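Worksheet: the structure to be examined is printed underneath.
The values are calculated or read from the model by the stated rules, or taken from the named source; none is laboratory data. Treat the numbers as computed from the prediction; the structure is a model and nothing was measured. No Cβ is skipped: glycine too gets one built from the backbone with ideal geometry, and neighbour counts run over all protein chains shown.
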Ligand code: ARG
């Protein structure tokens, strides 16, 4: 249930009855301070300003028309014209009961499901995936899960870098290596060193360099032998990525791969189309678009090369082709790109040109969901101690090792298999959550101690809160669905927890629209903290607790656990029963 939406439509209709035209929104937000009710309508002031009337008077007229029978038990006008709404405890309780009885916790699916293309992860297959791809993979995957939960048709697109000049060198190297070893014995154990080895070969052996250049041409010309080698290399490299996706509990599969090479045939057609439309012109042998829309301060247009002198195509050309495919074949309503903010000019250029060329119709949403850089604790881009790029696989192994020590300290009695399983969930959860919980547009500092702490806004804190609730149920000897008495919200801590629980859907809805998964994290963290204070003040299983209170509180515990579980699951983070 989406209380914010219900209140919005109620207040909106009261505003209309008070003579305010529909373009003024009631602007309902959850109150920060319970003294000001549970929700506030802040939209009256701007309506009053436009009508040049006194906002408090207008608020009084609106409140006179406002029918919140059964929903709120108090509505007050405050300050310059805020309307504060206090929800009726019985209304809240009924809504929580309904959530508890529903596997989806009462979250409704979208009334008009959309086709949403989510472009994320997208490593360059020539090299090993590094921490820079971690953010895209983790944040994009959370968004994909969340939108799927709302019933949208989510099309994951792993726009891998699988084309371009490097692959001439790599296929030539692969061929020579295979001549020695044979495909069945060959394993690309270390992509990074394979790349270094071929690069060295290329730099030191002119004959090999010629061959590599020849292979690029052959590859682009569709030569069977080189294509086969290329495919073998791509498969091996993708296996590496997939091992990481598995480890990270990321939902991408082979079916989601649609890389740069897939657009190869469309590129000449596309450039011709841009020429026909007069959007590109020849400049020193290259095909170039000049975009006045993105001109700099001096008025110089922004330059996009779509075809190089000599005929090669570029990153931007492929991205334009991808938009055509996403519109014409995938029928996208929205396309969300989870890509580093350093690519924001590239995205702007591609979007602008796609709109001008009519590849992207006006009603298609194209959004660059940019994110900042992952920094080390020294405030510089995250590197190994020796200054190299941190490999994702190594990073995850270190996380698992560190979590293993922590879990063993916390609960020395665990059997080793169980401890290993818990450590894995804690480690992966911690790494993902550390990334997800920061406002994605900012840079963020990677810190082992902060992310693995059991205090604060971390995955281990939330996982621990979940296990504590599971242990209450074990002690009580009941299951969440066998509790009979109703939810009653009397103590302020019960009420505060109840309000937060009732806000699950509206929070998810906001993330659905704005693609800011850190809001899920802040919500879950607030929820767990409110739960802790509820648990401190409102005993559940003590002897002096009445059976009615016990049932009601057990239900609040059960709903909190279910909300933590589903919320973390939408972030791709697992929970466990003990820790
Ligand atoms: N492969 C690119 C990189 O590693 C990211 C691709 C992102 N997606 C896109 N449609 N441009 O930088």
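Taking the condition closer than 23 Å to residue 148 by Cβ, away from the ligand (no atom under 16 Å from the Cβ) and part of a helix (DSSP H, G or I), does residue 225 pass?
Values: closer than 23 Å to residue 148 by Cβ: no; away from the ligand (no atom under 16 Å from the Cβ): yes; part of a helix (DSSP H, G or I): yes.
No.
Evaluate the stretch 103-121: report whether one residue or more is outside any strand (DSSP E or B) and within 16 Å of the ligand (Cβ to nearest atom).
Our first condition is that a residue be outside any strand (DSSP E or B); within the stretch 103-121, this holds for 103-114, 120-121.
Those still in the list that are within 16 Å of the ligand (Cβ to nearest atom) too: 120-121.
Yes; the residues of the stretch 103-121 include at least one that is outside any strand (DSSP E or B) and within 16 Å of the ligand (Cβ to nearest atom).
Consider residue 505 carefully, then state whether it is in a helix (DSSP H, G or I) and more than 26 Å from the chain's Cα centre (by Cα).
Considered against the rule, which asks whether it is in a helix (DSSP H, G or I) and more than 26 Å from the chain's Cα centre (by Cα), residue 505 comes out as no.
Before we move on, is residue 211 part of a helix (DSSP H, G or I), more than 38 Å from the chain's Cα centre (by Cα) and over 27 Å from residue 309 (Cα atoms)?
For residue 211, the condition - part of a helix (DSSP H, G or I), more than 38 Å from the chain's Cα centre (by Cα) and over 27 Å from residue 309 (Cα atoms) - is not met.
For the stretch 402-414, enumerate the residues that are free of Cβ contacts under 8 Å to residues at least 24 places away in the same chain and closer than 16 Å to residue 449 by Cβ.
404, 405, 409
Looking at the stretch 233-261, which of the residues that are at pLDDT 95 or above, in contact with a strand residue (DSSP E or B) (Cβ under 8 Å, 6 or more places away or on another chain) and in a helix (DSSP H, G or I) is farthest from residue 191 (Cα to Cα)?
Top of the filtered list is 256.
All but one of (1) at pLDDT 95 or above; (2) crowded, with 19+ Cβ neighbours inside 10 Å; (3) assigned to a loop (DSSP other than H, G, I, E, B) hold for residue 579; state the number of the condition that does not hold.
(1)
Restricting attention to the stretch 377-397, and to residues there that are surrounded by fewer than 14 Cβ atoms within 10 Å (Cβ to Cβ) and touching a residue at least 40 places away in the same chain (Cβ under 8 Å), which single residue is farthest from residue 462 (Cα to Cα)?
In this case the residue turns out to be 379.
Condition test on residue 148, is it more than 16 Å from the ligand (Cβ to nearest atom) and part of a loop (DSSP other than H, G, I, E, B)?
Criteria not met by residue 148.
Taking the options 183, 169, name whichever one is modelled with pLDDT under 90 and away from the ligand (no atom under 14 Å from the Cβ).
Numbers: 169 fails: modelled with pLDDT under 90.
Answer to the check: 183.
Can you pull out the residues in the stretch 18-50 that are surrounded by 14 or more Cβ atoms within 10 Å (Cβ to Cβ), touching a helix residue (DSSP H, G or I) at 6+ places or on another chain (Cβ under 7 Å) and in a helix (DSSP H, G or I)?
44, 45, 47, 48
Got a sec? Which of 214, 235 is away from the ligand (no atom under 16 Å from the Cβ) and under 22 Å from residue 155 (Cα atoms)?
Only one candidate passes the filter, namely 235.
Just one of the numbered conditions (1) surrounded by 21 or more Cβ atoms within 10 Å (Cβ to Cβ); (2) at pLDDT below 95; (3) within 16 Å of the ligand (Cβ to nearest atom) is not true of residue 192; which one?
So residue 192 meets the others, but not (1).
Quick grid of which residues meet (1) within 25 Å of residue 513 (Cβ to Cβ); (2) away from the ligand (no atom under 15 Å from the Cβ); (3) at pLDDT below 95:
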position: 307; (1), (2), (3): no, yes, no
position: 311; (1), (2), (3): no, yes, yes
position: 324; (1), (2), (3): no, no, no
position: 344; (1), (2), (3): yes, no, no
position: 357; (1), (2), (3): no, yes, no
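For the stretch 122-135, what are the residues that are part of a helix (DSSP H, G or I) and either more than 10 Å from the ligand (Cβ to nearest atom) or crowded, with 21+ Cβ neighbours inside 10 Å (or both)?
131, 134, 135
List pairs: first in the stretch 415-437 and in a loop (DSSP other than H, G, I, E, B), second buried (at least 23 other Cβ atoms within 10 Å of the Cβ), Cβ under 8 Å, 6+ apart or cross-chain?
437/521
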